[in-house]
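What follows is a single structure, written as structure tokens, with notes after it.
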Amino acid sequence: MTSSDSINIEQNVSLAPLTTLKVGGPARFFVRASSENDVVKAFRFAEENDLGVFVLGGGSNIIVSDAGFDGLVIQILLKGKLLSEPRAVADGSSLGIFVDRIDQPHVSQPHTTAHRSDIVEVNVGAGEDWDAFVEFCVNRNLAGIECLSGIPGFVGGTPVQNVGAYGQEVSESIVAVRCYDRVNCEIVELGNSECGFTYRTSIFNSTERDRYVVLGVTYRLTANGDPKIAYQDLKDLFGERRPTLNATREAVLKIRRTKSMVIDPNDPNSRSAGSFFKNPIVDRGQFEKIVNVSDVPSVPHFPAGENKIKVPAAWLIERSGFHKGFRCGNAGISTNHSLALVNLGQASAAEIVALKDKIQDGVREKFDILLRPEPVFVGFE
């Protein structure tokens, strides 16, 4: 089906193959948007036909209902990478010039400018594969996102979730996010401070959840910088040594593979949506309650701001009786990572949700804590 604006509108497109969990029904209408103009036209089509819209990236952090999505799904496939010197903008941050559909090979100019300032900005389209982008930067000795290696999905999803792992978050390096503003029907660029980044949260998945569509992201990285070694497993591995960015990336990938958190068609444990639950952040009173009902001498925890404590969701799940390999029909918990719910072969979305509910109920009964899911639920009422 083709609209009057000459954008290709497909119908009844199966969404399950476009997600890492591999469950869910079809989209009634579907657009593969490879340019900003495609995005604008797609939203115009949805408005003209009174359709709900879901914006899809790499499908790594979503669960699609078995009924699918009765509206328009727009998959953001904007490509391009551009390395540039930073320039100042009004809010005191900096922003490189975004150039659509530029793919640069390993060139010498960015390194020349970097030796003057040690700073390089990389502007990248939202439809680029995230891990390939991390590799692109690491291979150019650009530090700032190396610990985020192996995370599935597209670049556009990283500011939405404020993606983080192994002691690093994208909010530490994001300068600006280029978006389509659905309210004002215009393209805007939001500086870091406007994105409202907190733990696994931004305005894109909270206060302005249905307003902005990420088109591209500008990251500020350090040329020839040191990797961030904050995660305990990395500290233990490297000790007093100063690892290269490549060594750090490989170490992170190795850790993730042991937990089946790298997409591998030969590993059934990787047929998941990644870490399914957020680590709860509690006050000291709640933490004391956890300690009191626990049957172990110490509860793992981490500081999370003034009078706040982060407790690992994986620990809470396991102490509530849900071990690695636990299964409920065709859905289960990964045998390598208790935070990952996996499709064991022919799981339905309903089975994944039933397992989620079972785990939430068990943790709430044991510790009086409601675990919050990380994935986005699509097509559920």
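For the structure I just gave you, tell me whether Glu48 is over 25 Å from the mean Cα position of the chain (by Cα), free of Cβ contacts under 8 Å to residues at least 60 places away in the same chain and open to solvent by 60 Å² or more (accessible area, probe 1.4 Å).
yes
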> Out of (1) of a type in the set (A, V, I, L, M); (2) without any contact (Cβ under 8 Å) to a residue 60 or more places away in the chain; (3) open to solvent by 60 Å² or more (accessible area, probe 1.4 Å), the odd one out for Ala67 is which?
Replying inline: (2)
>> Quick test of your reading of the structure: Asn141 fulfils all but one of (1) within 24 Å of Lys41 (Cβ to Cβ); (2) more than 14 Å from the chain's Cα centre (by Cα); (3) at pLDDT 95 or above. Name the failing condition by number.
In response: (1)
> How about region 178-206: which of its residues are closer than 25 Å to Ile309 by Cβ and assigned to a strand (DSSP E or B)?
Replying inline: Thr198, Thr201
>> Being under 13 Å from Cys147 (Cβ atoms) and either modelled with pLDDT under 95 or open to solvent by less than 50 Å² (accessible area, probe 1.4 Å) (or both): is that true of Ala230 here?
In response: yes
> For the subset of region 333-362 comprising residues that are over 25 Å from Pro265 (Cβ atoms) and touching a strand residue (DSSP E or B) at 6+ places or on another chain (Cβ under 9 Å), which member is least open to solvent (accessible area, probe 1.4 Å)?
Replying inline: Ile359
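Results for (1) under 17 Å from His337 (Cα atoms); (2) more than 18 Å from the chain's Cα centre (by Cα), shown as yes or no for each residue.
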| position | (1), (2) |
| --- | --- |
| Leu215 | no, no |
| Ala230 | no, yes |
| Val262 | yes, no |
| Pro268 | yes, yes |
>> For a quick check of your reading of the model, give me the residue pairs whose first member lies in region 2-14 and is over 13 Å from Arg44 (Cα atoms) and among the acidic types (Asp, Glu), whose second is modelled with pLDDT of 60 or more and outside any loop (DSSP other than H, G, I, E, B), with beta-carbon atoms closer than 6 Å and at least 6 apart or on different chains.
In response: Glu10/Phe30
> Going through region 132-171 one residue at a time, which ones are part of a helix (DSSP H, G or I) and within 20 Å of Leu190 (Cβ to Cβ)?
Replying inline: Phe133, Gly157, Thr158, Pro159, Val160, Gln161, Val170, Ser171
>> Which residue is most open to solvent (accessible area, probe 1.4 Å), if the candidates are limited to region 366-379 and must be more than 20 Å from Gln161 (Cα to Cα) and assigned to a loop (DSSP other than H, G, I, E, B)?
In response: Asp368
> So which of Thr207, Thr198 ends up being without any contact (Cβ under 8 Å) to a residue 24 or more places away in the chain, among the β-branched types (Val, Ile, Thr) and surrounded by fewer than 16 Cβ atoms within 10 Å (Cβ to Cβ)?
Replying inline: Thr207
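Rundown of residues vs (1) touching a residue at least 40 places away in the same chain (Cβ under 8 Å); (2) closer than 23 Å to Gly58 by Cβ; (3) open to solvent by 30 Å² or more (accessible area, probe 1.4 Å), yes/no style:
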residue: Phe302; (1), (2), (3): no, no, yes
residue: Asn307; (1), (2), (3): no, no, yes
residue: Ile317; (1), (2), (3): yes, no, no
residue: Gly321; (1), (2), (3): yes, no, yes
residue: Cys328; (1), (2), (3): no, no, yes
residue: Arg364; (1), (2), (3): no, no, yes
residue: Glu381; (1), (2), (3): no, no, yes
> Given the conditions (1) within 18 Å of Val160 (Cβ to Cβ); (2) in contact with a Leu (Cβ under 9 Å, 6 or more places away or on another chain), and given that Thr20 satisfies all but one, which numbered condition is not satisfied?
Replying inline: (2)
> Which ones in region 272-300 are open to solvent by 50 Å² or more (accessible area, probe 1.4 Å), in contact with a strand residue (DSSP E or B) (Cβ under 9 Å, 6 or more places away or on another chain) and among the β-branched types (Val, Ile, Thr)?
Replying inline: Ile281
>> What's the total number of residues in region 122-153 that are more than 14 Å from Thr248 (Cα to Cα) and either touching a helix residue (DSSP H, G or I) at 6+ places or on another chain (Cβ under 6 Å) or surrounded by 24 or more Cβ atoms within 10 Å (Cβ to Cβ) (or both)?
In response: 7
>> If Ala313 satisfies all but one of (1) at pLDDT below 95; (2) on the phi < 0 side of the Ramachandran plot, what's the number of the condition it fails?
In response: (1)
> For region 24-38, how many residues meet the condition of being outside any strand (DSSP E or B) and either within 20 Å of the chain's Cα centre (by Cα) or touching a residue at least 12 places away in the same chain (Cβ under 8 Å) (or both)?
Replying inline: 6
>> I need a count of the residues in region 154-193 that are open to solvent by less than 10 Å² (accessible area, probe 1.4 Å) and either modelled with pLDDT under 95 or at positive phi (or both).
In response: 1
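The values are calculated or read from the model by the stated rules, or taken from the named source; none is laboratory data. Because the structure is predicted, anything quoted here is derived from the model rather than measured. Note that we place each Cβ from the backbone using ideal geometry, even for glycine, and neighbour counts take in every protein chain shown. The area values use the complete protein model at the heavy-atom level, side chains included, leaving out ligands, DNA and RNA. Shrake-Rupley method; radii C 1.70, N 1.55, O 1.52, S 1.80 Å.
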